[in-house]
1. Quick check on region 45-56. Is at least one of its residues crowded, with 18+ Cβ neighbours inside 10 Å and not hydrophobic (A, V, I, L, M, F, W, C)?
2. Which pairs turn up if I take residues in region 67-88 that are within 16 Å of Ala5 (Cα to Cα) and in contact (Cβ under 8 Å) with a residue 60 or more places away in the chain and look for partners that are open to solvent by 50 Å² or more (accessible area, probe 1.4 Å) and part of a strand (DSSP E or B) with beta carbon separation below 6 Å, at least 6 apart in sequence or on another chain?
3. If Ala5 satisfies all but one of (1) crowded, with 21+ Cβ neighbours inside 10 Å; (2) in contact with a helix residue (DSSP H, G or I) (Cβ under 9 Å, 6 or more places away or on another chain); (3) among the small types (Gly, Ala, Ser), what's the number of the condition it fails?
4. Among the residues of region 65-97, how many are surrounded by fewer than 16 Cβ atoms within 10 Å (Cβ to Cβ) and closer than 14 Å to Ser16 by Cβ?
5. With respect to Ser63, determine if the residue is of a type in the set (S, T, N, Q), in a strand (DSSP E or B) and without any contact (Cβ under 8 Å) to a residue 24 or more places away in the chain.
6. Take the residues in region 98-117 that are open to solvent by 80 Å² or more (accessible area, probe 1.4 Å) and at pLDDT 90 or above, then tell me which one is farthest from the chain's Cα centre (by Cα).
7. So which residues in region 9-31 are open to solvent by 60 Å² or more (accessible area, probe 1.4 Å), under 17 Å from Val62 (Cα atoms) and touching a Phe, Trp or Tyr at 6+ places or on another chain (Cβ under 9 Å), if there are any at all?
Amino acid sequence: VQLQASGGGLVQTGGSLRLSCTASGNILNSNTMAWYRQAPGKQRELVASISIGGSANYADSVSDRFTVSRDNAKKTMYLQMSSLKPEDTGVYYCALRWSWLQDPSYWGPGTQVTVSS
């Protein structure tokens, strides 16, 4: 399984971005895809996750501004980010874990999101 994220960039405070993550290979029918981010000098944190059935979870800091979705036919996950803040700046990684595991088994290379003040 390989994951490839895209859609990062530079945006002003209050702006929007849409990230995409496409998986290749056999991802089975029992998986959860997720977005993580890592800001400079900080640990990687979970931003949002979505099961293959569409059940989504969010970090408290983004729950009213970000929306995660997926298209199972395209093996693609999206993250619509709105009302962006400078603290949303970081490298965003997509990940995939099998439903019976706690931690991701596969990671994408990351895409940079920079929110200017």
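The values are calculated or read from the model by the stated rules, or taken from the named source; none is laboratory data. The model shown is predicted, which means the values in this text are computed figures rather than measured ones. A quick note on method: Cβ atoms are made from the backbone with ideal geometry, for glycine too, and the neighbour counts reach across all protein chains shown. These area figures cover heavy atoms from the full protein model, side chains too; ligands, DNA and RNA do not enter into them. Shrake-Rupley method; radii C 1.70, N 1.55, O 1.52, S 1.80 Å.
1. The answer is yes; a qualifying residue exists.
2. Listed pairs, sorted by first residue: Gln80/Arg18; Gln80/Thr67.
3. (2)
4. 5
5. It is false that Ser63 is of a type in the set (S, T, N, Q), in a strand (DSSP E or B) and without any contact (Cβ under 8 Å) to a residue 24 or more places away in the chain.
6. Ser117
7. Residue satisfying the conditions is Arg18 alone.
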